[in-house]
Amino acid sequence: MARRNAKKILVILSEYGYWGEELVGPLHHFDQRGYEVVFATPTGKQPHALPPSMDPTYIDPPLGKSVTSEEVAKLTRQVDESDRLADPIDISGWVPERPYTADEDYLRKLEAYHRAVDLVAQELEEYDALLIVGGSGPIVDLANNERVHQIILSFLRAGKPIAAECYGVAPLAFARDWEDRKSIIWGKHVTGHCKEYDYKDGTGFLGTDFVMGPPPYPLEYILRDATGPDGRYHGNFGKETSVIVDYPFITGRSTPDSYLTGEKIVEVLEDGLRRFGW
């Protein structure tokens, strides 16, 4: 149960599969602190963990070993099978969609859109931080989701912490102010799923039979370009963990970084941490 005046965290999850540890790791730290955690998905469907992330015998191809312990697999199953994720916020019903320029009465619709976005920003004032959980799913329904981008921009404009893990970092690269189209992580230091961690085959998603080879884009390359000459992507390949704090962003590279990502989110909120890992 959340303590009185406890922090409130908005957690966005893909409907095409999240990686278990990347949710339960941060949740461990949030729950320890008594934070209130509210979940949201693109269309309000209950999210589910990717099956390999609940299987301690699954060998991650790039790493050649299991990345899921028995304990984490058990915790993931418990969360996945509980009612905790059963009724997430429907982002599509909460955040408006920007009208097409070819729409009839475009100007009036655009004005209405901005009024609605302002209302959402007011509603987001009750949250202290945002977390976007990784896995393969975000490639499908979070990376280029303008409604998700708008939530990110609202947190950014409010100066509040924005955390993301693995392929959940992709929406940060693509979230842009409509006027200048520059990535919000331009000039910042971030981490995210590195090229060496990408599968060569078998990138799959929940709710579809579609299985691709490698991901449709190497996230590392996107992040290197999006951070620009004064920022930097940190893959830290060969190091066990990679978590970067460059306020307001807290980014985790992949599965092994999940608990540390949660720890750093708490330190940002409780201790004023502004820089870590670079």
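The values are calculated or read from the model by the stated rules, or taken from the named source; none is laboratory data. Source: prediction; values computed, not measured. Reconstructed Cβ throughout: ideal geometry from the backbone, glycine too, with neighbour counts over all protein chains shown. Ligands, DNA and RNA are stripped out before the accessible areas are found, and what is left, the full protein with its side chains, is counted by its heavy atoms. Shrake-Rupley method; radii C 1.70, N 1.55, O 1.52, S 1.80 Å.
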Förster-model FRET efficiency, 35 Å R0, Asp103 and Glu126, C-beta, rounded to 0.05 = 0.65
Near the amide H of Phe39, under 5 Å away, which other amide H atoms are found, from residues 5 or more places off or on another chain, if H is placed in the peptide plane?
-> Val11, Ile89
Rounded to the nearest whole Å², what accessible area per residue is found for the chain with the 1.4 Å probe?
-> 47
What percent does the relative contact order of the chain come to when contacts are Cα pairs within less than 8 Å and at least six residues apart?
-> 21
Residue span Glu270 to Ala158: 0.36 nm per residue of separation minus Cα-Cα distance leaves a gain in nm of 38.6 nm
Please sort by residue number the chymotrypsin sites (Phe, Trp or Tyr not before Pro) in the range 10-82 whose DSSP state is loop and whose Cβ has at most 16 other Cβ atoms within 10 Å.
-> Tyr58
Distance from the range 133-160 to the range 209-236 (C-alpha centre basis), Å | 16
For the chain, which longest stretch is free of loop sites, where a loop site is one of the GluC sites (Glu not before Pro) that DSSP puts outside H, G, I, E and B and that has at most 13 other Cβ atoms within 10 Å?
-> 1-96
Expressed to one decimal in nm², the mean projection of the alpha carbon convex hull of the range 138-220 is 6.1
Would you list the membrane-span-like helices of the chain, meaning whole DSSP H runs whose alpha-carbon atoms span at least 15 Å along their axis and whose mean Kyte-Doolittle value is at least -0.5?
-> 106-123, 146-157, 258-271
Looks like the range 23-89, by Cα gyration tensor root eigenvalues a ≥ b ≥ c and the a/c under 1.5 rounded cutoff (else prolate when a/b is bigger than b/c, oblate otherwise), is prolate
Compute the distribution of all C-alpha to C-alpha distances in the range 1-160, in bins of 10 Å from 0, and list the percent of pairs in each, rounded to whole numbers.
-> 10, 34, 32, 16, 6, 1
Length added when fully stretched, Lys200-His114, from 0.36 nm per residue minus Cα-Cα = 26.8 nm
Phi-based couplings in Hz for the range 162-177 (Karplus 6.51, -1.76, 1.60; Gly and Pro marked x) = 10, 10, 7, 10, 6, 6, x, 6, 3, x, 5, 5, 9, 6, 9, 5
Correct option for volume of the Cα convex hull per residue in Å³ [calculated from the coordinates] among (i) 132; (ii) 119; (iii) 141 | (i)
Trypsin sites (Lys or Arg not before Pro) within the range 1-72: DSSP coil, no more than 11 neighbouring Cβ in 10 Å | Arg3, Arg4
Looking at this model, which pairs from Lys45/Lys109; Lys7/Lys188; Lys45/Lys182; Lys65/Lys195; Lys7/Lys182 are more than 20 angstrom apart at the alpha-carbon?
-> Lys45/Lys109; Lys7/Lys188; Lys45/Lys182; Lys7/Lys182
So if R0 is 41 Å, what FRET efficiency would Ile89 and Phe237 give, r being the distance between their Cβ atoms, rounded to the nearest 0.05?
-> 0.70
Full extension from Trp278 to Tyr58: what is 0.36 nm times the residue separation minus their Cα-Cα distance, to one decimal in nm?
-> 76.0 nm
On the protein heavy atoms, probe 1.4 angstrom, tell me the percent of accessible surface of the range 149-278 carried by carbon and sulfur.
-> 50
